[in-house]
Amino acid sequence: MSYAEAKQKYAALGIDTDAAIAKLRTVPVALHCWQGDDVRGFDTDPSKPLTGGIQTTGNYPGRASTPEQLMADIDEVLKLIPGKAKMNLHASYAIFENGEWADRDRLEPKHFRKWVEYCKARGLGCDFNPTFFSHPKCDPLTLSSTDPETRKFWIDHGKACIRISQYLAEELGEPCVMNIWTGDGYKDVPADRLGPRVRYKESIDEILTEPRDKDKVYVTVESKVFGIGVESYTVGSAEWCLKYASGRDDVVCLMDCGHYHPTEVVSDKISSILTYDDHLALHITRPVRWDSDHVVLFDDETREICREIVRCGIDKVFIALDYFDASINRISAWVNGFRNTQKSLLYALLQNNEALKKLQDEGNFTRLMTEQERMKTMPFGDVWDEYCRVCGAPDDGSWFLESERYEKEELSKRK
Ligand code: RNT
Ligand code: ZN
């Protein structure tokens, strides 16, 4: 009943709520496997600290420490979220069988066979990330290292990851976004900023000589402003990545909300890139004062990002989540962030964009402000509830009970 009323109210503004719901159900949002285990992965000593300038804080009990636990946790998340998810894996989540182990430059598709089985059984596509951190060969530079052997190791890792991405795309029948991010940089004022950036370019050029179907594997480069321990200089800066992607037709820019100066916002950058490019990739996260990777909320900036995604072309943007909070129940962290992203996308699909754009173009800014404010108290919650219902997902009032049950029966038993 309340949905029928909400539907009418939106229809009076020319907005089709059923169409918005149907559209959102087709838009993939990549679910990052690394929220479940504090970015530890399975291929190196999990007791070693995370490197590459990123850090998780908190020691909430229940962290997944085996592939089986991580997969079980993701299953729990999938039960509690509406919409179309796809997996997002890091190379460090390789699953070795029969006592075998391979270093990052030797990773093969078979090390992701179990993930392929997992995704197939759940109808999920999968994105992929080479892991250029938390490894003894981070010197701390990787692709921009001065040491040719170190550079070669990481180039070979990148190439191996292209082969794995191709395998994931082929097996799962959905394109794979392969994102290159490194924490390469310096703690203190460098004497040579150009050298590492030139080497970075040469290394990524070399990685991209690896054959792939370019309509199946989309390579992205993710920029950053600084990391912990690399505060003064980041090789893959915003300008570097923008220029790199614009210099090639087979590389897409990836923007992470936490990778800019504190008053910069990603929402304003989306249209600049899509003025020139067919595609753009995002890591949706929430920076609190810095690149803190907090759980995504249904907040102003997330809504504005989603409004821009919808206005510029929702099918042009590869949407992925990227946060890791170890201070709260990790399943709830995952579910809240995914649901809030979905909520923001649905909210964005329910704007009367055409009418608002017309007001802007006519220069009627008084009315534009008034109409934009009016949209904020439309009965959005009823449409969201309906969306969850048609997706077969629990509503906002009930998913947490199931998450609590899982915590009690499963997570609390983990060492
Ligand atoms: C780090 C980047 C990067 C990572 C993941 C784990 O600052 O945001 O995307 O968070 O690859
Ligand atoms: Zn990121």
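The values are calculated or read from the model by the stated rules, or taken from the named source; none is laboratory data. Note that the coordinates shown come from a computational prediction; the quantities given were computed from them, not determined experimentally. So basically every Cβ, Gly included, is an ideal-geometry build from the backbone, and we count neighbours across all protein chains shown.
Suppose the filter is at pLDDT 95 or above, surrounded by fewer than 22 Cβ atoms within 10 Å (Cβ to Cβ), among the hydrophobic types (A, V, I, L, M, F, W, C) and out of contact with any helix residue (DSSP H, G or I) (no Cβ under 6 Å at 6 or more places or on another chain); does Trp101 pass it? Quick ask: steps written out before the conclusion?
Details: at pLDDT 95 or above: yes; surrounded by fewer than 22 Cβ atoms within 10 Å (Cβ to Cβ): yes; among the hydrophobic types (A, V, I, L, M, F, W, C): yes; out of contact with any helix residue (DSSP H, G or I) (no Cβ under 6 Å at 6 or more places or on another chain): yes.
Judged against the criteria, Trp101 is a match.
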Identify, by number, the condition in (1) farther than 19 Å from Leu321 by Cα; (2) of a type outside the set (A, V, I, L, M, F, W, C); (3) touching a residue at least 24 places away in the same chain (Cβ under 8 Å) that Thr263 doesn't meet. (3)
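Residues of the range 110-123 being in contact with an Asp or Glu (Cβ under 6 Å, 6 or more places away or on another chain) and surrounded by 23 or more Cβ atoms within 10 Å (Cβ to Cβ), which ones? Full working, then the answer.
Here is the first cut: in the range 110-123, the residues in contact with an Asp or Glu (Cβ under 6 Å, 6 or more places away or on another chain) are 116.
If the condition is that a residue be in contact with an Asp or Glu (Cβ under 6 Å, 6 or more places away or on another chain) and surrounded by 23 or more Cβ atoms within 10 Å (Cβ to Cβ), then no residue fits.
Identify all residues within the range 290-332 that are assigned to a helix (DSSP H, G or I), of a type in the set (A, V, I, L, M) and under 14 Å from the mean Cα position of the chain (by Cα); write none if there are none. Before you say what the answer is, go through the steps one by one.
Taking the range 290-332 first, the residues assigned to a helix (DSSP H, G or I) are 300-312, 314-316, 330-332.
Checking the rest, the ones that are also of a type in the set (A, V, I, L, M) come to 305, 309-310, 314, 331.
If the condition is that a residue be assigned to a helix (DSSP H, G or I), of a type in the set (A, V, I, L, M) and under 14 Å from the mean Cα position of the chain (by Cα), then Ile305 is the only one that fits.
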Out of everything in the range 275-322 that is of a type in the set (Asp, Glu) and within 11 Å of ligand 1 (Cβ to nearest atom), what residue ends up being nearest to Ala85 (Cα to Cα)? Asp322
Residues of the range 15-56 being more than 11 Å from ligand 1 (Cβ to nearest atom), at pLDDT 95 or above and of a type in the set (S, T, N, Q), which ones? Thr17, Thr26
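So in the range 59-98, with the set limited to residues that are acidic (Asp, Glu) and more than 15 Å from His32 (Cα to Cα), which one is surrounded by the most Cβ atoms within 10 Å (Cβ to Cβ)? It would help to see each step written out before you state the result.
Here is the first cut: in the range 59-98, the residues acidic (Asp, Glu) are 68, 73, 75-76, 97.
Restricting the remaining residues to those that are more than 15 Å from His32 (Cα to Cα) gives 68, 97.
Values: Glu68: 11, Glu97: 9.
Only one residue tops the list, namely Glu68.
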Of all residues in the range 39-93 being assigned to a helix (DSSP H, G or I) and aliphatic (A, V, I, L, M), the one that is nearest to Ala160 (Cα to Cα): Ala91
Identify the residue in the range 216-236 that is more than 14 Å from ligand 2 (Cβ to nearest atom) and surrounded by 19 or more Cβ atoms within 10 Å (Cβ to Cβ) and, among all such residues, is farthest from Gly258 (Cα to Cα). Val217
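Restricting to the range 173-206, name every residue that is among the hydrophobic types (A, V, I, L, M, F, W, C) and within 16 Å of ligand 1 (Cβ to nearest atom). It would help to see each step written out before you state the result.
As a first pass, look at the range 173-206 and keep what is among the hydrophobic types (A, V, I, L, M, F, W, C): 176-178, 180-181, 189, 191, 194, 198, 204.
Within the range 173-206, Cys176, Val177, Met178, Ile180, Trp181, Ile204 meet the criteria.
Looking at the range 238-263 only, could you name the residues that are of a type in the set (Asp, Glu) and away from ligand 2 (no atom under 16 Å from the Cβ)? First the steps, then the outcome.
Start the filter on the range 238-263 by keeping residues that are of a type in the set (Asp, Glu), which leaves 239, 249-250, 256.
Once the filter is applied, which keeps residues that are of a type in the set (Asp, Glu) and away from ligand 2 (no atom under 16 Å from the Cβ), the range 238-263 yields Glu239, Asp249, Asp250.
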Quick check: anything in the range 368-388 free of Cβ contacts under 8 Å to residues at least 40 places away in the same chain, among the polar types (S, T, N, Q) and surrounded by 13 or more Cβ atoms within 10 Å (Cβ to Cβ)? yes
Flagged pairs (Cβ under 9 angstrom, 6 or more apart or on separate chains; first in the range 189-207, without any contact (Cβ under 8 Å) to a residue 40 or more places away in the chain; second surrounded by fewer than 16 Cβ atoms within 10 Å (Cβ to Cβ)) are Asp205/Arg248
Could you grab me the full set of residues in the range 1-38 that are buried (at least 19 other Cβ atoms within 10 Å of the Cβ), under 22 Å from the mean Cα position of the chain (by Cα) and in a loop (DSSP other than H, G, I, E, B)? Gly36, Asp37, Asp38
Looking at the range 207-233, which of its residues are near ligand 1 (Cβ under 10 Å from one of its atoms) and either among the acidic types (Asp, Glu) or at pLDDT below 95 (or both)? Glu222
Testing Gly41 on (1) out of contact with any Leu (no Cβ under 8 Å at 6 or more places or on another chain); (2) surrounded by fewer than 19 Cβ atoms within 10 Å (Cβ to Cβ), one condition comes back false. Which one is that? (2)
Taking into account only those residues within the range 243-257 that are within 15 Å of ligand 1 (Cβ to nearest atom) and without any contact (Cβ under 8 Å) to a residue 40 or more places away in the chain, which is surrounded by the most Cβ atoms within 10 Å (Cβ to Cβ)? Cys253
Among the listed residues Val317, Val310, Val266, Val295, which satisfies the condition of being buried (at least 20 other Cβ atoms within 10 Å of the Cβ), away from ligand 2 (no atom under 16 Å from the Cβ) and not charged (D, E, K, R)? Val310
Quick one: count up the residues across the range 124-161 that are assigned to a helix (DSSP H, G or I) and either acidic (Asp, Glu) or surrounded by fewer than 23 Cβ atoms within 10 Å (Cβ to Cβ) (or both). 9
For a quick check of your reading of the model, give me the residue pairs whose first member lies in the range 271-286 and is on the phi < 0 side of the Ramachandran plot, whose second is in a loop (DSSP other than H, G, I, E, B), with beta-carbon atoms closer than 6 Å and at least 6 apart or on different chains. His283/Asp322; Ile284/Val296; Thr285/Cys257; Thr285/Gly258; Thr285/Asp293; Thr285/Asp322; Thr285/Tyr323; Arg286/Val296
